């Protein structure tokens, strides 16, 4: 897996980009929760469920269907507090789906059950530059430091650069529109 340290990078970057479109910053917390939710499946180890089982690590909780369910439940929690339900649902869905997609870029494990429950096949992207994170206390080791370096390079840096580019373009377009009017 990419570490829990890095899964929130995508919803945080997207939240910054959508801030001008009135996505309140408090929803960034929900986005971060949605991005980390698939790793609830690490409890499967304690329950004796094997890694490669459909409900094992990177199994069903990493599916598109679960991303839809998690984002819908979190959006319904805020139903009365924000008028732009579709925008919030889309944001939370992207946040939840970013988790399995990032995990598909890692260099270890058995793959991601992205299409569960329709298929138990597990997938990776052909290009897998992100170092897989050790699970549990093993994260606090030299291997964990290597994972953080990998995630800074392949997750945080691209998210930061894309966010800066989108914000610069948005400012330029806004400035041009003001000058034209």
Return yes or no: is residue 137 more than 24 Å from residue 46 (Cα to Cα) and either at pLDDT 90 or above or outside any loop (DSSP other than H, G, I, E, B) (or both)?
no
Residue that is surrounded by the most Cβ atoms within 10 Å (Cβ to Cβ), among those in the range 150-168 that are within 18 Å of residue 18 (Cα to Cα) and in contact (Cβ under 8 Å) with a residue 60 or more places away in the chain:
159
Among the residues of the range 125-132, is any surrounded by 15 or more Cβ atoms within 10 Å (Cβ to Cβ), at pLDDT below 95 and assigned to a loop (DSSP other than H, G, I, E, B)?
yes
Which of the following residues is out of contact with any strand residue (DSSP E or B) (no Cβ under 9 Å at 6 or more places or on another chain), within 25 Å of residue 66 (Cβ to Cβ) and free of Cβ contacts under 8 Å to residues at least 12 places away in the same chain: 134, 126?
126
If you go through 43, 55, 76, the only one that is part of a loop (DSSP other than H, G, I, E, B), at negative phi, more than 16 Å from the chain's Cα centre (by Cα) and without any contact (Cβ under 8 Å) to a residue 60 or more places away in the chain is 55
Listed by first then second residue, the pairs whose first member lies in the range 7-20 and is more than 12 Å from residue 36 (Cβ to Cβ), whose partner is buried (at least 23 other Cβ atoms within 10 Å of the Cβ), with beta carbons under 6 Å and at least 6 positions apart or on separate chains, are 15/31
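The values are calculated or read from the model by the stated rules, or taken from the named source; none is laboratory data. Every value quoted in this text rests on a predicted model; they were computed, and no experiment measured them. Positions of Cβ are generated from backbone atoms using ideal geometry, with glycine treated the same way; all protein chains shown enter the neighbour counts.
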